[in-house]
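Student: Take a look at the following structure, please.
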Amino acid sequence: MTGAALSALGLAVALRRLDYERIPQAAVLSAAFFVSSLVSVPVGPSSVHLLLNGLMGLLLAWAALPAILVALVLQAVFFGFGGVLVLGVNTLNLALPALICAATLGGWLRRAPERGFLIGALAGALGVALTGVMVALAIALSDARYEVAAQVILVTYLPLLLGEAVVTGTVVGFLTRVAPELILGAAVRRG
């Protein structure tokens, strides 16, 4: 219930701050998140998929929240992934790290776009690390019997952290060279 309430509050703020010129970009990133999360890679007793929340944070700032929510709703409705009852906590677990990436790394990217790969890699790693911790906490706090499962899930996020860092760094580095307005425009409109 707390996750749903916090997500609803965040969504209200995000929609008030929505830059309507960024809606097509948000739609593309929401679709990329939707598709990439359908590809699961087994890691030990669990599996992982790309999150792209660090990338979404850098490119969309507050618009990342509704973009993530839309993708999660579609996953829940079409494939039963996650489920409708946990949309609030799932949205919070992905969107809050995206917003933290935007707040902590967006200004640096605006000031030093030549470091796009490094900043993108940090955003990808930070987004996964924060999401992993939040997911593990949500599971562990739901019932003490799930503490071991939460620890296992947290460990499975470590290889994802590296993969996501490479993917996000590559995308951000590429965009700063070929379409810097996509990156720098997002950084400028963040405030």
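Student: Hey, could you check the range 13-34 for residues that are in a helix (DSSP H, G or I) and of a type outside the set (A, V, I, L, M, F, W, C) and say which is surrounded by the most Cβ atoms within 10 Å (Cβ to Cβ)?
Tutor: Taking the candidates together, the pick is 30.
Student: To continue, here is another question. What pairs come up if the first residue lies in the range 91-118 and is aromatic (Phe, Trp, Tyr), the second is assigned to a helix (DSSP H, G or I), and their beta carbons are under 6 Å apart, counting only those six or more places apart or on different chains?
Tutor: These pairs meet every condition: 108/119; 117/169; 117/173.
Student: Checking residue 51 against (1) closer than 20 Å to residue 134 by Cβ; (2) part of a helix (DSSP H, G or I), which single condition isn't satisfied?
Tutor: Residue 51 satisfies all of (1) closer than 20 Å to residue 134 by Cβ; (2) part of a helix (DSSP H, G or I) except (2).
Student: Among the residues of the range 87-105, write down those that are among the β-branched types (Val, Ile, Thr) and surrounded by fewer than 17 Cβ atoms within 10 Å (Cβ to Cβ).
Tutor: Of everything in the range 87-105, just one residue is among the β-branched types (Val, Ile, Thr) and surrounded by fewer than 17 Cβ atoms within 10 Å (Cβ to Cβ), namely 104.
Student: So, of the residues in the range 106-129 that are surrounded by fewer than 21 Cβ atoms within 10 Å (Cβ to Cβ) and aliphatic (A, V, I, L, M), which turns out to be farthest from residue 67 (Cα to Cα)?
Tutor: To start, the set of residues in the range 106-129 that are surrounded by fewer than 21 Cβ atoms within 10 Å (Cβ to Cβ) comprises 107-108, 110-115, 117-118, 129.
After this cut, where a residue has to be aliphatic (A, V, I, L, M) as well, the list is 112, 118, 129.
On the way: 112: 26, 118: 24, 129: 20 Å.
Here the residue is 112.
Student: Taking residue 66 as the residue in question, decide whether it is assigned to a helix (DSSP H, G or I) and more than 24 Å from residue 47 (Cβ to Cβ).
Tutor: Taking the combined requirement at face value, the residue satisfies it.
Student: Does the range 134-145 contain any residue that is without any contact (Cβ under 8 Å) to a residue 40 or more places away in the chain and buried (at least 20 other Cβ atoms within 10 Å of the Cβ)?
Tutor: Yes: one or more hits.
Student: Collect the residues in the range 46-103 that are among the hydroxyl-bearing types (Ser, Thr, Tyr) and over 10 Å from the mean Cα position of the chain (by Cα), keeping them in residue-number order.
Tutor: The answer is 46, 47.
Student: Here is a follow-up. For the subset of the range 168-185 comprising residues that are of a type in the set (Val, Ile, Thr) and at pLDDT 90 or above, which member is surrounded by the most Cβ atoms within 10 Å (Cβ to Cβ)?
Tutor: Applying the filter and picking the extreme gives 168.
The values are calculated or read from the model by the stated rules, or taken from the named source; none is laboratory data. Only a predicted model underlies this, so the values are computations on that prediction, with no experimental measurement involved. In this analysis, Cβ positions are derived from the backbone assuming ideal geometry, glycine residues included, and neighbour counts consider all displayed protein chains.
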